[in-house]
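These notes are about the structure you will find just below.
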Amino acid sequence: MTAELVPMMLAAVLGAVVLYTFIGFIPGTDETSVLAPVTLAVVLAGAPPQVVLAFFVSAVVTLNLMNGIPTALVGLPGGVMSAPLMEHSVFLRNRGLASETIRKMAVGSAIGTVVSIPLSFILAGLLAPIADPIKAQTPVILAAGTVLLALLGGNRVLALIAIIPLALMFQALPALYRSTGVISGDDSVNISFFLGITVGPMLITLLELLNAKRRAALPHGTRTRTSLLRSGFESQALMPGRMITRSEGRWSALMAAVSTPLFVLSPVGLTFLLGEASVARQEENRVRRAQRAGTVMSALTHSTYLAGVIIPLVALGIPVSGVSAGPAGPLFKAPPVYDLSNNLHHQLQMVDFIGVVTLGALISVAITYVIAVRWSSQITYFVMRRIPHEAVLALFVAFVLLLAYIDADQKAGLANVFGVLLVGIACGSLNRLGVSYGVQFMSLYAAPGIVKALAALA
């Protein structure tokens, strides 16, 4: 890492903080759909790997904290990772404790970030000596990871059944493109399919508007009203020790540490499981139980995401977790810039990873901490009144379709747009039925190995 890169990294960190502060306050913005396309754009723009990594880490830290604030203030989940917080946050909000909840979330986020980063690098260092044997079995590992995520999901049977059809679709479309001359034999459009998965649920929602019955069932002529409690936001205290109890701090650090070695599992599932485990014996006081759960779960949203990115990226260079295959996918594979044999893992040394991740995470967590404690109410009010949710979602869908058009050096063009629409409709429908993003992303990466194995059985 050279001195010339430091200003660029700082600019990337601050840019990510500004962008994802406002995106995070918009309810319903899924983490994958808002992280992956922008990260891909940064990669394709030719940013140095240090800048790309600094941007992504800062974006993750900012988004995961900010997504929890609409949940605490108005009872609307910011993203998938804020879903585990819903029950406890709404309970506390109804008792006028929204401001305290946000402050505890901010401290929990800082604890999860500080605990997870050093542990992730330690685990990555332990895995690095055996990385080559692990990578030699990449097809098996990716297929096994896909099955594991399917078994951990909500609709296990459908998720398992969907793996092979998804793999066939992801391999069949490029084969069709090559046979018809749409792309050459050396080109790939996998990144387009990756983005098609990210916008699948949003695409299904937009297409439903073409159905007259669906349109008629939507609310008309009224606005959704929410109440925003301002009580408690007058406090300007920033000391963490004044915002959480020792018990909340200890449980947050402990669960962040426990979640880090489990990086291959679903971050949402881990947040639910370990967050509720931290309050299993706290039944006598419902308020204290909810406050501890909110603090611990905020720590877990950061620890699970950071570990799911850092360990596969540093130790292996291949996506073996839901986070690395999903939101962090462009860090591993973003043709023509990155692929599985030449990505950040191969371009950066351990000292670079430590320096960049530490810089991006600590700066962003410090800034977002202050924002959450002091200005969360005002920003929520502005975003809810002035930024249309639908416009943001439509913007991301349009962005993905544009990238689909120019993918593979513009050789795919319009044909690939319809291919991505097919991927988005198929994956969005499966998502509605309970097949998670993680299963779909891992199916994309595991598709070559799965199809070869099926061919060998024929």
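The values are calculated or read from the model by the stated rules, or taken from the named source; none is laboratory data. Not measured: the values here are computed from a predicted model. Every residue, glycine as well, gets a Cβ built from its backbone with ideal geometry; the counts of neighbours run over all protein chains shown.
Criterion applied to L210, L254 was being at pLDDT 85 or above and in a loop (DSSP other than H, G, I, E, B), and the one residue passing it is L210.
For the range 155-192, what are the residues that are polar (S, T, N, Q) and more than 28 Å from L35 (Cβ to Cβ)?
Hits for the range 155-192 are S179, T180, S184.
Within the range 168-189, residues that are of a type in the set (K, R) have Cβ atoms under 7 Å from residues that are at pLDDT below 90 and part of a loop (DSSP other than H, G, I, E, B) in these pairs: R178/G185, counting only partners at least 6 apart in sequence or on another chain.
Counting only residues that are touching a residue at least 40 places away in the same chain (Cβ under 8 Å) and assigned to a helix (DSSP H, G or I), which one in the range 263-275 is farthest from G153 (Cα to Cα)? It would help to see each step written out before you state the result.
If we filter the range 263-275 for residues that are touching a residue at least 40 places away in the same chain (Cβ under 8 Å), which is where we start, we get 263-269, 271-272, 275.
Okay, now just the ones that are also assigned to a helix (DSSP H, G or I), so 267-269, 271-272, 275.
Working: P267: 11, V268: 10, G269: 8, T271: 14, F272: 12, G275: 17 Å.
Looking at residues that are touching a residue at least 40 places away in the same chain (Cβ under 8 Å) and assigned to a helix (DSSP H, G or I), I get G275.
Can you find even one residue in the range 40-58 that is of a type in the set (G, A, S), closer than 24 Å to H345 by Cβ, crowded, with 21+ Cβ neighbours inside 10 Å and in contact with a Phe, Trp or Tyr (Cβ under 7 Å, 6 or more places away or on another chain)? Among the residues of the range 40-58, not one is of a type in the set (G, A, S), closer than 24 Å to H345 by Cβ, crowded, with 21+ Cβ neighbours inside 10 Å and in contact with a Phe, Trp or Tyr (Cβ under 7 Å, 6 or more places away or on another chain), which makes the answer no. Annotation note: Cβ proximity below 9 Å between a residue of the range 437-454 that is closer than 24 Å to G269 by Cα and touching a residue at least 12 places away in the same chain (Cβ under 8 Å) and a residue that is among the basic types (K, R) and buried (at least 18 other Cβ atoms within 10 Å of the Cβ) (sequence gap 6+ or interchain) occurs for Y445/K333. The residues in the range 407-431 that are out of contact with any helix residue (DSSP H, G or I) (no Cβ under 8 Å at 6 or more places or on another chain), modelled with pLDDT under 75 and among the hydrophobic types (A, V, I, L, M, F, W, C) can be counted, and the count is 0. When V147 is tested against the conditions (1) buried (at least 24 other Cβ atoms within 10 Å of the Cβ); (2) touching a Leu at 6+ places or on another chain (Cβ under 8 Å), the lone failure is (1). Pairs meeting the criteria (first residue in the range 359-378 and on the phi < 0 side of the Ramachandran plot, second residue among the basic types (K, R) and not in a helix (DSSP H, G or I), beta carbons under 6 Å, at least 6 apart or on different chains) are S377/R230.
Checking each residue in the range 316-366 for being surrounded by fewer than 18 Cβ atoms within 10 Å (Cβ to Cβ), assigned to a helix (DSSP H, G or I) and among the polar types (S, T, N, Q) picks out Q347, T358. Name the residues in the range 158-200 that are more than 22 Å from the chain's Cα centre (by Cα), outside any helix (DSSP H, G or I) and not acidic (D, E), would you? Correct list: T180, G181, V182, I183, S184, G185, S188.
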